[in-house]
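Below is one structure; the comments refer to it alone.
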Amino acid sequence: MFIIAGHEQVGVNKFKQFDCVVDYSDHYYYHQSKPNQKSNSHGTMMINNRNTMKRIMKEWEILEKNLPASIFVRVYEGRIDLLRAAIIGASKTPYHNGLFFFDLQFPSDYPNNPPKVYYRSFGLRLNPNLYNSGYVCLSLLNTWGGKGTERWCPDKSTILQVLLSLQGLVLNEKPYYNEPGIKPAWSWESYNADVFALSCKTMLYLMKKPARNFEGFIAAHFRDHASVILKACVAYRNGRVRIGLFDGDAPVGSKKKKVNVSKKFKDSMNELYPELYKAFNRIGASLKNLPEKLEDDGDGKPAN
């Protein structure tokens, strides 16, 4: 049985990985529904194909039982064709500790065709596969080339597979190499710097305008990870570790060989760090011994 969830503020550990909720009013595909699309007086999609309904219920069961700890999903009581997923950026990637939201819609002939997927980008392009328009480029969705099992297979492909592909194949440690043509930067290190800065901007947007039914989760996640995120900003800004590789344990004052850092990235961290600090402080994060902003000392390095 799928229990309807409320909007109470909960810690990450108490936030269910899979749940069925009521409010889908901010879902991308709810607003993209065509005027002539069949729905009842409550806005529920009229999916008349029994096999499609059965398959969607099967997808719910698979997700409820098999989601990894870093992916959270909400489905909707009144719109079984809609789904929202939050993916936590993996460690050892420039997306670490970030949150990335995707809105999905099952087509009326599902699973004959793959789901539609929209990335909630806030107008930012932090991956070659994720456009600032929200378009998601992935072979499994038939939105990019591929052969055999790389593409959607009605008998075998699942929503869980889509989410795992987004996490492992798209939000990876070197997204620079996701781009098959002209590269988006002069090197993967340079691109990772841009990605981390855009991930930080995404954090700010999410705290300012959280996805519905995830409000408490977003606040709790960033309360838990605020310190590590800010320490990573300092470490990357000072060239103490390659971007994406900060593990939260390395001392900020490490004397290891420095990594070259561009002025562009330093400037972006100088601008974003105090905004993050203020946003984290507002949600009650513990920021002990962390500076409110990065200031250059006599050597041109930010004080900490």
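The values are calculated or read from the model by the stated rules, or taken from the named source; none is laboratory data. All figures in this text were calculated on a predicted structure; none of them were measured in a lab. Note: ideal-geometry Cβ built from the backbone for every residue, glycine included; neighbour counts use all protein chains shown. Ligands, DNA and RNA are stripped out before the accessible areas are found, and what is left, the full protein with its side chains, is counted by its heavy atoms. Shrake-Rupley method; radii C 1.70, N 1.55, O 1.52, S 1.80 Å.
Worth pointing out:
- Among 262, 157, 91, the order of accessible area from largest down is 91, 262, 157, computed with a 1.4 Å probe on protein heavy atoms.
- Rounded accessible area of residue 259 (nearest 10 Å², 1.4 Å probe): 40 Å²
- Where only DSSP H runs of four or more residues are counted, the chain gives -10000 deg cm²/dmol as its mean residue ellipticity at 222 nm, each run worth -39500 (n - 2.57).
- Where 171, 245 fall by accessible area, highest first, once all protein chains stay in place (1.4 Å): 245, 171
- Note on region 15-283: with neighbouring protein chains present and a 1.4 Å probe, carbon and sulfur make up 50 percent of its accessible heavy-atom surface.
- Rh (Kirkwood; distinct C-alpha pairs) - the chain, Å: 20.6 Å
- Selected from 241, 289, 94, residue furthest toward positive end of dipole (the chain; charges at beta carbon): 241
- Among the protein heavy atoms, those of residue 131 account for about 80 Å² of accessible surface (1.4 Å probe, every chain in place).
- The stretch between residue 131 and residue 275 holds 49.4 nm of extra length on full extension. This uses 0.36 nm per residue minus the Cα-Cα distance.
- Residue pairs exceeding 25 angstrom between C-alpha atoms, taken from 201/263; 174/263; 209/258: 209/258.
- Counting only protein heavy atoms and using a 1.4 Å probe, the accessible area of residue 155 comes to about 140 Å².
- Heavy atoms of the protein chains alone define the surface here; on that basis region 15-283 has 48 Å² accessible area per residue at 1.4 Å probe size.
- One decimal place: the segment residue 259-residue 22 gains 80.5 nm when fully extended, by the rule 0.36 nm per residue minus the C-alpha distance.
- List 264, 293, 147, ordered by accessible area with a 1.4 Å probe, largest first: 147, 264, 293
- Amide proton proximity set for residue 80, modelled H, under 5 Å, gap of 5+: 45
- Between residue 51 and residue 124, the distance separating the two model label sites (each 7 Å from Cα on the Cα→Cβ line) works out to 4.3 nm.
- Size of charge dipole - the chain - debye, nearest 20, with Cβ of Lys, Arg +1 and Asp, Glu -1, no other charges: 380 debye
- For the Cα trace of region 101-154, dividing Rg by the Kirkwood Rh returns an Rg/Rh value of 1.01.
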